[in-house]
Amino acid sequence: MSLANIFEEYPERRYIMFGGKGGLGKTTFSAATAYHLAKSGHRVLVFSVDPQASLSDIFERDIFGKGPVEIVPNLFAQEIDADQHIRAYQDEIRQKILDMYGMEEVPEEIESYIQAAAAEPAMEESAIFDQVVDIVVAAEYDYYIYDLVPLGHALYYLSMASVYDEWIDKITDLREEMEEYSKVASLIQRDKELEEDMILQELLDIKYRINTSSSILTDKEKTAFFFVIIPEEMALIDTLKAADLFAKYDVPLSGYVVNRVIPPGLAQQNIPEYLRNRLKMQEGHLARIDELFGEQVLAQIPEFERDVTGLPMIEKMAEAMFGSITEPTTAPSKSVEGANP
Ligand SMILES: Nc1ncnc2c1ncn2[C@@H]1O[C@H](COP(=O)(O)OP(=O)(O)OP(=O)(O)O)[C@@H](O)[C@H]1O
Ligand SMILES: [Mg+2]
């Protein structure tokens, strides 16, 4: 199995993620994969949930907070602006308070509470999470490529889905139980009951949204999760630890991609001693990678002569990852659902 044929082999894997330590090439691979799939005729969205998003850098376009921006035909890129989403969320809460209590203005103490809550770091995470759910639930693309943040955060994101889920389960159970009791006792005032039903409805709604997005993240059939590694000692150790953690959250692993491999052929040329040493060390690390991950290594990507920014470099990267692209002559089908592997 290679990167090149994995998407042809498994057309139902429509949610693609590159995970790994910081700075190894997740954004680069996400952009190049999006480019490759779009050129092959699919409608693709690559989106970033990183507050320090770098899709703008790699595509050399300012896309932050602008929604999905079409980069080349069929390739859309989006950088989520969490602050913008938090502000919209605050407005929504204010409106709900006004509607629910028939007020003209939000009382000052409540307003300061709304302000304080927005400053919580968890608020940003949850705003991002919410946007991701919106994007995925809308189902407007053939492929979704998540430009993930470094390991720790991606894990936080996944664990939050399961914590939320448990929490909401508990509350809805409790709420449903209460409803049973209140039917028997019929002691609770009617409008109080209505209000609580609204809350229950909202909780069930949140639960549906969270389940939809986290079930996608952990669905072997629909998700392709790749680990990016480089042939260096520290990166290997961290990757082994991370792979363990991801396995705990049932993230299905599709394989490893080794980035920044110095072309071994250089050893045959007249090269400085220091480069020869680097190549020698790399040889050891590549052997170790082979020993650890063997068949799971899907591709080795060379170290380029410069950073990967701008479409010509992205195209070059896509070719290194997938081989050259044969553009489709006929319009491909939009739906890949129901296809058999
Ligand atoms: N094969 C390569 N050859 C040359 N430069 C590369 C290669 N792969 C990645 N780079 C460069 O390395 C830098 C880091 O890559 P990238 O931003 O994709 O990493 P990342 O894993 O997304 O980082 P972060 O964890 O910060 O999001 C970028 O400047 C990118 O252009
Ligand atoms: Mg990145």
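The numbers here are math on the coordinates, done by the rules we state, and not lab data. Since this is a predicted model, take the numbers as computed values, not measurements. So basically every Cβ, Gly included, is an ideal-geometry build from the backbone, and we count neighbours across all protein chains shown.
Modelled this way, with points 7 Å down the Cα-to-C-beta line, the labels at ASP250 and VAL72 are 3.8 nm from one another. Using C-alpha pairs under 8 Å with a sequence gap of at least 6, the mean separation divided by the residue count of region 44-147 gives a relative contact order of 36 percent. Of the listed pairs LYS96/LYS222; LYS96/LYS220; LYS21/LYS220, which have alpha-carbon separations greater than 27 Å here? Where the Cα-Cα span goes over 27 Å, the pairs concerned are LYS96/LYS222; LYS96/LYS220. Each of the peptides 97-107, 129-139 was scored by the mean count of other Cβ atoms within 10 Å over its residues; in descending order, highest first, they stand as 129-139, 97-107.
Solvent-free Debye calculation, one equal scatterer per alpha-carbon of region 44-147: log10 I(q)/I(0) at 0.11 Å⁻¹ equals -0.43.
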